[in-house]
Amino acid sequence: MRLEKYSGLLYAVVAAMVTGCAGRKEPDEKMEAYLMVFHQDSDHGLHMAVSHDGYTFAALNGGYPVMAGDTIAEQKGIRDPHIYRGSDGAFYLAMTDLHIFACEEGKRDTEWERDGELYGWGNNRGLVLMKSDDLINWKRTNLRIDTASPELAEIGCAWAPETTYDPEAGKFIVYYTMRMGNGQNKLYYFYVNDDYDRMETLPELLFEYPDGVTTAIDGDITRFGDTYRLMYVAHDGTPGIKQAVSDTSVGPWTHRDEWVDTEKGACEAPNVWKRHDGSDRWVLMYDVYSVDPHNFGFLETSDFETFTDLGRFNEGVMKTVGFQSPKHGAVVSITASEARRLIDRWGIAE
């Protein structure tokens, strides 16, 4: 896939952040659609798809990236996008700054940024943070974790960032996978300022696997009733999804040892989103990278105790239009006017 003509597409888009309220949700606007963000290994750019019913997702921009990775990331590629809607009505987009095929594509002289024996597979040091009021105009920050403190200089990775709100602190947090050198992957978090362009605290441990050895990656936090549910990937045998529970958004977490997903092979990148059809159902979406072509799997729950298998994209009730083989996605609810704005800007597959 050739991306040259898409490299500048953002840019009007990233040029400025809308400072008015044109993109803010009005009090009487209902959530009537869904926006999915994801990346694809073929281009390492940001992709979007819209759904009006929460079952069929149609690609924007003809299935091409709406943001080309080489225009927003230091490594000339992004992965693991996550989108969060704040109570302020703004959208917070976090991505891994990483291109795993950069050497093959002539974007880098070495396989990784640094020695793989010292820093591990896919080593990187930064995140891409973006904020928007209208889903069209974005303010971007390239955040380097390794320069925040001398003790972080030797990090081995900063992967799969997500954003949520800590009501006790009254602040947004960014949480992500990190390891030091080529050590154990764990989940960390830091508080971020309201402009979403600066760390306000140094990273603190959010969660590690109870045995102190097993890798834990790809955290996703959902507030459910009076509890917080952390879905994450445990590399405890075949990698899959487990759950931990806490009374706060930053723990401490009570580990549950049972597997949540029903896959026979490996999966990763859990993301939980709520249906807004009045059914009080939540969807757990995840990336089944052990199948070829890779695909997303879906479970549904009303209590976070029992989960119903909805199958994978195009193998059950969940469908795609205009795209295939998505990687590491996230879904957020949007209004009808926000969906129309995206479709008017990018077009939608039919």
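Annotations for the structure displayed:
- In the range 301-350, of all residues being of a type in the set (Asp, Glu) and at pLDDT 95 or above, the one that is nearest to the chain's Cα centre (by Cα) corresponds to Glu338.
- Some residue of the range 324-331 being touching a helix residue (DSSP H, G or I) at 6+ places or on another chain (Cβ under 9 Å) and either closer than 16 Å to Asn271 by Cα or not charged (D, E, K, R) (or both): yes
- From the list Lys107, Lys131, the one residue that fits, being more than 13 Å from Gly77 (Cα to Cα), basic (Lys, Arg) and out of contact with any Cys (no Cβ under 7 Å at 6 or more places or on another chain), is Lys131.
- Lone unmet requirement of (1) exposed (fewer than 15 other Cβ atoms within 10 Å of the Cβ); (2) at pLDDT 95 or above; (3) assigned to a loop (DSSP other than H, G, I, E, B); (4) not hydrophobic (A, V, I, L, M, F, W, C) for Arg223: (3)
- From Tyr196, Tyr176, Tyr189, Tyr232, residue being over 24 Å from Asp309 (Cβ atoms), touching a Lys or Arg at 6+ places or on another chain (Cβ under 8 Å) and not β-branched (Val, Ile, Thr): Tyr196
- Top-ranked residue of the range 97-139 - restricted to ones that are of a type in the set (A, V, I, L, M) and within 25 Å of Leu152 (Cα to Cα), ranked as surrounded by the fewest Cβ atoms within 10 Å (Cβ to Cβ): Leu118
- In the range 3-56, of all residues being among the basic types (Lys, Arg) and either in a strand (DSSP E or B) or under 26 Å from Thr141 (Cα atoms) (or both), the one that is modelled with the lowest pLDDT corresponds to Lys5.
- Some residue of the range 72-88 being of a type in the set (S, T, N, Q) and closer than 30 Å to Glu32 by Cα: yes
- None of Asp195, Asp166 is of a type in the set (D, E, K, R) and under 19 Å from Leu143 (Cα atoms) except Asp195.
- Test: residue in the range 157-168 that is surrounded by fewer than 19 Cβ atoms within 10 Å (Cβ to Cβ), over 18 Å from the mean Cα position of the chain (by Cα) and either free of Cβ contacts under 8 Å to residues at least 40 places away in the same chain or over 29 Å from Gly225 (Cα atoms) (or both): no
- Applying the criterion of at least 3 residues that are of a type in the set (Phe, Trp, Tyr), touching a residue at least 60 places away in the same chain (Cβ under 8 Å) and over 15 Å from Met36 (Cα atoms) to the strands (runs of 3 or more DSSP E) found wholly in the range 252-350 leaves an empty list.
- Pairs where the first residue, in the range 197-219, is charged (D, E, K, R) and the second is surrounded by fewer than 14 Cβ atoms within 10 Å (Cβ to Cβ) and modelled with pLDDT of 95 or more, C-beta under 9 Å, 6+ apart: Glu200/Asn193
The values are calculated or read from the model by the stated rules, or taken from the named source; none is laboratory data. Owing to the predicted nature of the structure, the values given are computational and were not obtained by experimental measurement. Positions of Cβ are backbone-derived with ideal geometry, glycine not excepted, and every protein chain shown enters the neighbour counts.
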